[in-house]
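These notes are about the structure you will find just below.
We did not get these values from a lab; they are worked out from the coordinates using the rules stated. All of these numbers come straight from a predicted model, not from anything done at the bench. Positions of Cβ are backbone-derived with ideal geometry, glycine not excepted, and every protein chain shown enters the neighbour counts.
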């Protein structure tokens, strides 16, 4: 490709690289924390 | 030797071609296979390591001079990822296109040599592949697995492609 003569040199430091990331595996659903059944409170 | 004059935070977008070679997406003029989902890094090993492809405009290849890889692209050399600044510049250059060419847009970043009609860059990744041909002789293959692996859009080429301003100057 003939892009012509160099004019200047620049530096590009992107905040995020423009490269698609690999799809992240879905997090497994968390099981609800075990809670012991509460004893009914006597009135 | 040219030194860095300005720093930017947004990637530069250019226009270039790729070709399917050995079943992989490759640079057009040289055997440099592009890697999906990774920043592609320019390297330079001088003429003895480069095989140039293509029609008369690139048979002789750019001028390459020995230097360390880490400085690629070197302004005084001809190395780096190439791209034109505008789509008309690219289409004018492609007047003798080949059957398996893929046209598209490319992100460029890192050290970039800003030239008259285009860029030579340290890092590159496809931004968009164009799914249709500009003319019939620019046959286009837009359904390959290799292209889809890059996870970038595959869209029709913009219709309004005018002649570049410098077309009559050369």
Note to self: Which of B:6, B:114 has the fewest other C-beta atoms within 10 Å, and how do the rest follow up to the most?
What the structure shows: B:6, B:114
Check: Separation between the residue A:16 and residue B:33 pseudo-spin-labels, each 7 Å from Cα along Cα→Cβ, expressed in nm?
Finding: 3.0 nm
Margin query: Using Cβ contacts closer than 10 Å as the measure, can you line up B:64, B:108, B:90, B:10 from fewest to most?
Written below: B:10, B:64, B:90, B:108
Next item on the list: Could you calculate the contour length gain from residue B:20 to residue B:149, that is, 0.36 nm times the residue separation minus the distance between their Cα atoms, to one decimal place in nm?
Entry: 45.1 nm
Notebook entry, point to check: Considering every residue in B:112-118, what mean count of other chain Cβ atoms within 10 Å of its Cβ is obtained?
Noted result: 6
Notebook entry, point to check: For the residues B:19, B:113, what sequence is obtained by ranking on other C-beta atoms within 10 Å, fewest first?
Noted result: B:19, B:113
Next item on the list: Quickly work out the residue A:7-to-residue B:7 label distance, labels modelled 7 Å from Cα along the C-beta direction, and quote it in nm with one decimal.
Entry: 2.3 nm
Note to self: Let me confirm one metric for peptide B:9-22, namely the mean number of other chain beta-carbon atoms within 10 Å of its residues' beta-carbons.
What the structure shows: 2
